[in-house]
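Only the coordinates and a few stated rules stand behind these numbers; no lab work does. Every value quoted in this text rests on a predicted model; they were computed, and no experiment measured them. With ideal geometry, Cβ positions are generated from the backbone for all residues, glycine too; neighbour counts draw on all protein chains shown.
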Amino acid sequence: METNDHSDPEAARLLEVPAELIEEAEELLDEVIDLELHSKTGKRAPRAKGYKFKVNDEVIIWPTPVVTAREALTRANLTPPDNYNVRLKVAGQKPEAIGLDVPVDLRRPGVEKFRAIKKGQGEGEYQGRRDAPTLDQDCDFLDTYATRWEVVVDGSTWILIPNFKLPAGYTATEVTLAIRMEGGYPLSPLDMFYVHPAIRRADGKHIRQADVIQHIDGRDFQRWSRHRTDANPWVAGKDSLETHIFLVEDALTEELLK
């Protein structure tokens, strides 16, 4: 009696259908997919005639399912793109830094939007402290950015983010990050950042403008005196705790390149 041997690896191979053929066989929807809305489904976006997403507050409609950050920034008139650091926002995840020329699959589950932060920080001295603002507008960001965060009032109001990951190249792999919430925020800019414990470069090179110690919540924090420059001023209504923390990430990375 003849039987079908489904354990035959060659037969199994012939039954396999390449993923790209499956995608080509999907129905092409005659509509534009709003990625920020679709991200809430947690599913891969369908094939469509276009994909709608934001670069900061600029709405972009892109005709293909793949885009680079360079292309997205150029379409959003953020030029030259090399003046910006870019992060991809994926639902339920910490925003991830991406290279300008790395292809981004817009159909990837959860893809929402791009955040572009203009480069430009200088070293300097702090000019004074002010009263504390409220924090309501930043709670949503902190809830998605960090697994833990807390508010401490100690002279000023501070946001503390434990287990803040550092790029490789420092004498620690993670710290507690502290941000002073300045009086007048969000109309007035946030400035500098603080870490506990104090860190050094693993190669022994001196870190400029990081020698002052600030006592916060019973611990000594190392103050990193990093400020926005004229090329990257604080813009009320666009800048926030979110963009400030992204500048902190950039400052820590850029320090290792000096």
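Could you order peptides 51-59, 179-187 by the average number of other Cβ atoms within 10 Å of their residues, highest first?
The packing order, highest mean first, is 179-187, 51-59.
Going by C-beta contacts inside 10 Å, put Asp82, Asp154, Asp230 in order with the fewest on the left.
Lowest to highest Cβ neighbour count: Asp230, Asp82, Asp154.
What number of lysine-lysine pairs in region 20-118 show an alpha-carbon separation below 13 angstrom, given a sequence spacing of 8 or more or placement on distinct chains?
Final tally of qualifying lysine pairs is 7.
Any idea which of Thr144, Trp224, Ile179 is furthest toward the positive side of the dipole for region 121-255, if Lys and Arg beta-carbons carry +1 and Asp and Glu beta-carbons -1?
Trp224
Fully extended, how many nm does the chain gain between Glu174 and Asn83 (0.36 nm per residue separation, minus their Cα-Cα distance)?
30.0 nm
Summing Lys, Arg as +1 and Asp, Glu as -1, what charge do residues with Cβ under 13 Å from the Cβ of Val175 carry, Val175 excluded?
It works out to a net charge of +1.
Give the shape of region 147-258 as rounded, prolate or oblate, defined through the alpha-carbon gyration tensor: a ≥ b ≥ c are the square roots of its eigenvalues, a/c under 1.5 means rounded, and otherwise the shape is prolate if a/b is larger than b/c and oblate if not.
Cα axes put region 147-258 in the oblate bin.
Can you sort Glu174, Glu71 so the residue with the fewest Cβ neighbours within 10 Å comes first?
Least to most surrounded, the residues fall as Glu174, Glu71.
What FRET efficiency, computed as 1/(1 + (r/R0)^6) with R0 = 51 Å and r the Cβ-Cβ distance, is obtained for Lys258 and Glu31, rounded to the nearest 0.05?
Efficiency, from the Cβ-Cβ distance: 0.55.
Evaluate the distance, in nm, between pseudo-label points positioned 7 Å from the Cα of Ala231 and of Val153 along their respective Cα→Cβ axes.
The answer from the label model is 4.1 nm.
Given axes a ≥ b ≥ c from the Cα gyration tensor, I'd like to know whether region 20-118 is rounded (a/c under 1.5), prolate (a/b larger than b/c) or oblate.
prolate
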